[in-house]
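So the structure is just underneath, and the comments pick up after that.
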Amino acid sequence: MDLKLFLIDKYNKLTNRNKSDCLKISYQFNGVQVNLYFDAYDNENVSLNLILLYEKDCYYTSLNLRCLTNQKSFLPNCPRNILYKILNSDLTHFYESMREHIRNENFNVEEYDYDFIKVASKREDNDKPFLSHLRKANMQESHLKELNDKFNISKEVLYAIKKAQYTIVTTSDPKKRKNLTVILSEKDIRLNNKN
């Protein structure tokens, strides 16, 4: 079974599908604490988030599930101390281990907690895990690419938003998140063809 479908199935079976519900896996990789958080509150834009902890260093990023299959992902702005510990010539072993843990571990059903929100909100860039709303502004190509990469939002949808002169705002607070369909309908953005 496809990894995305596998995780969505687990999420649907184990949770109440509330905004704050998530599945969490924690394990060690080369001495680094790995915490993975997954939810399918919005089936179109599932959320996979990674927190790495080693000594005093902490790293957060949102992951696209494609990163677990295409082996081309990297960990932007990861502290050297953590990166040094997990590297084994490339990130292949790290992602292989992650896939293995996802398939074989028992998930903890949790709500996104204060620690997750605190770590995710510390990011100075726009790497927030949840979609929030649209804001009247010209969406930059770099933001469009990031939304496509991190949230797997189709370019058709993103260009429709851009054409309407909006950009997507993200948030680290799960209680402020919204489903992409709801976000689009609030601004009456319609698509000719939903992929």
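The values are calculated or read from the model by the stated rules, or taken from the named source; none is laboratory data. Model, not experiment: these values are computed from the prediction. A quick note on method: Cβ atoms are made from the backbone with ideal geometry, for glycine too, and the neighbour counts reach across all protein chains shown. Heads up: the accessible areas ignore ligands, DNA and RNA and are worked out on the full protein's heavy atoms, side chains in. Shrake-Rupley method; radii C 1.70, N 1.55, O 1.52, S 1.80 Å.
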Percent accessible area from carbon and sulfur atoms, the stretch 145-184, protein chains only, probe 1.4 Å: 54
Most mobile listed residue (87, 53, 65) in the chain, GNM with C-alpha springs under 10 Å: 87
Residues whose placed amide H lies under 5 Å from that of residue 63, excluding near-sequence neighbours: 48, 49, 50
Among 128, 85, 150: highest mean-square fluctuation, GNM of the chain, C-alpha pairs under 10 Å: 85
Positive-end extreme of charge dipole, the stretch 111-195 - chosen from 161, 171, 142 (charges on Cβ): 161
Rounded to the nearest 20 debye, dipole of the chain from Cβ charges on Lys, Arg, Asp, Glu: 600
J(HN,Hα) series, the stretch 98-103, from Karplus relation 6.51 cos²θ - 1.76 cosθ + 1.60, nearest Hz, glycine and proline x: 4, 4, 4, 5, 4, 6
Mean accessible surface per residue for the chain, computed with a 1.4 Å probe while every protein chain stays in place, in Å²: 54
Residue with peak Gaussian network fluctuation, the chain [Cα springs, cutoff 10 Å], from 19, 178, 56: 56
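Per-residue ellipticity at 222 nm for the chain, helices alone: DSSP H runs ≥ 4 residues times -39500 (n - 2.57), over residue total, nearest 500 deg cm²/dmol?
Numbers: 8 runs with 71 residues, N = 195.
One gets -10000 deg cm²/dmol as the mean residue ellipticity at 222 nm.
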Phi-based couplings in Hz for the stretch 141-150 (Karplus 6.51, -1.76, 1.60; Gly and Pro marked x): 4, 5, 5, 4, 4, 4, 5, 5, 5, 7
For the stretch 110-122, 3J(HN,Hα) per residue [Karplus equation, 6.51 cos²θ - 1.76 cosθ + 1.60, θ = phi - 60°, Hz, x = Gly/Pro]: 9, 9, 4, 9, 4, 4, 4, 4, 4, 5, 5, 7, 6
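Out of every Cα pair in the chain, what percent are spaced more than 20 Å from each other?
Values: 10567 of 18915 pairs.
Across the chain, Cα pairs with separations above 20 Å total 56 percent.
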Flagged links, alpha-carbon separation over 30 Å, of 24/163; 118/163; 13/85; 10/155; 4/122: 24/163; 118/163; 13/85
